[in-house]
1. Express in whole angstrom the spacing between the alpha-carbon centres of segment A:106-133 and segment A:198-261.
2. Taking Cα pairs under 8 Å and at least six residues apart, what relative contact order does segment A:76-258 come out at, in percent?
3. What nm value, rounded to one decimal, do you get for the distance between B:ASP266 and B:TRP308 when each label is placed 7 Å out toward the C-beta?
4. So which residue, out of B:GLY144, B:GLY105, B:GLY61, gets the largest mean-square fluctuation from a GNM of chain B using Cα contacts under 10 Å as springs?
5. List the trypsin sites (Lys or Arg not before Pro) within segment A:186-234 that fall in a DSSP loop (any state other than H, G, I, E or B) and whose Cβ has at most 16 other Cβ atoms within 10 Å.
6. Taking the C-alpha atoms of segment A:76-258, how large are the radius of gyration and the largest Cα-Cα span, Dmax, in Å?
7. Can you pull the Kirkwood radius for segment B:268-331, inverse mean 1/r over Cα pairs, to one decimal in Å?
8. With everything on Cα atoms, drop me the angle between helix A:227-249 and the longest principal axis of chain A, reported from 0 to 90° to the nearest 10.
Amino acid sequence: MAAKKLRRAQLSQELCERLNRYQITTCQDFLCLSLLELMKVTGQSYYEVQKLLCKVSRACAPKMQTAYEMKLRKSVNPSSAFLSTTLHNLDRVLHGGVPCGSLTEITSPPGCGKTQFCIMLSVLATLPVSMGGLDGSVIYIDTESAFSAERLIEIAGNKFPTYFDSDEKLFWMTRNIHLYRELTCCSVLKRILSLEEEIISKKVKLIVIDSVASVVRKEFDTKLQGNLAERSNFLTRGASMLKYLAEEFSIPVILTNQITTSLSNGPAIQADLVSPADDLSLSE
Amino acid sequence: MQREVGSLPLAPALRARLAAAGFQTAQELLETGPCGLSKEIGISKEEALEALQVVRQECHGDAARTAEGLGATRKFTALELLEEEQAQGFIITFCSALDNILGGGVQLTKITEICGAPGVGKTQLCLQLAVDVQIPECFGGVAGEAVFIDTEGSFMIDRVVDIAAACVQHCQLIAEAQQEEDHLKALETFSLESILSHIYYFRCCDYIELLAQVYLLPEFLSEHSKVRLVVIDGIAFPFRHDFEDLSLRTRLLNGLAQQLIIAANDHKSAVVLTNQMTTRIGQSQSTLVPALGESWGHAATVRLVFHWDNSQRLATLYKSPSQKEATIPYHITPHGFRDVQPPAVTQGAEGTEMNPRKRPRREEEKQ
């Protein structure tokens with residue numbers, strides 16, 4: 001939206017050419033200038049510039065919907081609102097399962113089962129809707145090289161022995177899980193930014209990132225100057241892209257985090273590592 | 001009439017030409033007339049006429065202002081303001097302790113900022129207010145509509161349905177207890193569908209969409225004149241990444257704050273913003289402070305900070321022009337934002353608040 005060119009915002013051709021001379025080509029450039037600056041570059045009066053601002057804003061602004069319309073849309077398709085985890089108590093506490101359309105964070109000390117949970121959810125997502133799955137592919141971004149394909153087959157075969165009765169079905173399922181090994185923050189971010197086309201072409205219904213914390217911890221030492229800002233920048237960029245993907249395609253996104261010790265004046269307590277987890281927090 | 005040409009809102013090129021031709025006051029321009037003007041400075045007659053119309057509008061506006069003394073300039077006596085403030089409603093939050101420290105509830109025509117760590121209840125309070133603003137006047141509300149601008153994607157429609165249902169039930173119990181004519185009449189229009197249809201939701205994915213939406217807000221508010229609450233959930237999120245130029249960020253935020261203040265005053269609505277917390281690394285220790293920097297602290301009139309104390313959620317009134325600093329505990333229940341203790345029973349009939357009180361969120365559940 002921000003990179004929308006001004007000529008698509010229905011400004012006149014000559015005005016666009018004039019603005020081009022000042023290197024103002026997108027809506028973002030236009031809206032970031034103050035009124036006086038806009039008067040100077042467009043050469044128009046105060047009231048005209050205000051009208052232009054409204055025109056450009058209309059080209060960028062989101063569409064309005066009432067809460068009632070949202071509820072109606074949701075009630076039309078209730079089964080696609082959650083991915084059931086098949087753990088009865090967990091599903092009850094989460095009001096149905098892992099919600100589609102938002103980010104879910106799983107965090108724990110090492111060895112508790114985060115990766116196993118992610119692998120199981122990947123199997124569940126490939127199952128048909130009649131069995132509680134999402135009937136789609138999975139994108140699995142692995143930063144710790146912890147994903148084991150053999151374990152995947154073992155879980156699938158043991159949990160749903162009647163469904164995965166032939167090797168063919170198992171192979172079909174594994175073919176739908178797309179694994180990406182990314183070992184640096186930069187490559188993780190690049191991968192996240194390139195996911196949009198993959199989701200459409202491969203009919204992806206679940207994104208798993210295991211784990212965000214390991215790459216961040218490796219590369220950013222928060223005691224050094226400036227690292228905190230850059231780390232926060234990386235995390236919020238990734239989070240906003242993932243939120244956009246989750247909402248746009250109505251799919252669940254699972255992220256795993258690690259536990260660290262928060263040292264304070266009192267006794268050491270356990271707390272989540274990634275503090276800009278304001279965007280990556282468990283929904284509901 | 002003696003207004004200088006340089007201060008008129010004409011195009012800069014035109015102003016430069018007028019100055020070069022020697023025009024100094026608006027009066028001179030009007031006396032010259034469009035044909036004379038077009039000959040002297042070499043513009044077309046239509047352009048000259050347009051310019052003169054702008055000048056006339058400005059001067060007329062000035063004259064009206066000096067002659068009558070009200071209208072466009074916001075000049076009041078303190079007594080008029082007092083009467084207006086006392087007649088104005090508050091948006092209640094259903095947590096009486098919070099309403100008390102705020103002086104009655106969230107005030108209209110003011111900007112209230114809610115800061116807090118993740119998961120502490122900022123969005124819950126926003127959802128509660130979006131429902132509470134619609135409570136009919138006979139039940140103590142302001143009977144308005146709500147605009148919800150979401151930048152973080154934390155708006156859960158199922159949660160709004162829960163909160164709205166609880167609110168309608170609460171009002172129904174009051175109506176049953178008091179059995180008054182206007183209560184029952186108001187309840188006919190105050191239903192779940194009507195509450196949901198009057199929450200106008202915008203999802204802004206980056207700061208440009210947010211800026212564009214706030215530019216279009218005055219127009220939207222004039223079309224929907226019953227809106228009494230504008231919520232921006234997550235003013236910090238779109239501004240915290242991809243901004244190498246911090247001075248641009250400060251300028252955009254200040255512009256945003258000014259436009260919101262104008263919108264709040266012109267349309268008599270409350271503006272509620274939620275902010276995130278960030279870590280400030282000090283000499284020996286680091287503290288949690290509201291995000292977006294020191295200069296943003298001046299934008300809001302009222303600032304509330306939500307935080308945890310072991311497993312109890314607390315709200316602190318950090319900045320307010322009329323109330324003193326205070327801290328109160330609150331709960332998030334399945335019905336929404338509530339007090340810790342059941343509030344003093346004034347109407348007598350509520351049973352809903354007492355029973356299904358969820359136990360407070362414990363530390364291990366948070367993780």
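We did not get these values from a lab; they are worked out from the coordinates using the rules stated. What you see is a predicted model; the values in this text were computed from it and never measured. Every residue, glycine as well, gets a Cβ built from its backbone with ideal geometry; the counts of neighbours run over all protein chains shown.
1. About 18 Å separates the Cα centre of segment A:106-133 from the one of segment A:198-261.
2. 32 percent
3. 4.3 nm
4. In the Gaussian network model the winner is B:GLY61.
5. Details: sites: A:LYS190, A:ARG191, A:LYS202, A:LYS203, A:LYS205, A:ARG217, A:LYS218, A:LYS223, A:ARG231; in loops: A:LYS203, A:LYS223.
Those satisfying the criteria are A:LYS203, A:LYS223.
6. Cα-based Rg and Dmax for segment A:76-258 come out at 16.5, 57 Å.
7. For segment B:268-331, the Kirkwood estimate is 13.5 Å.
8. 80 degrees
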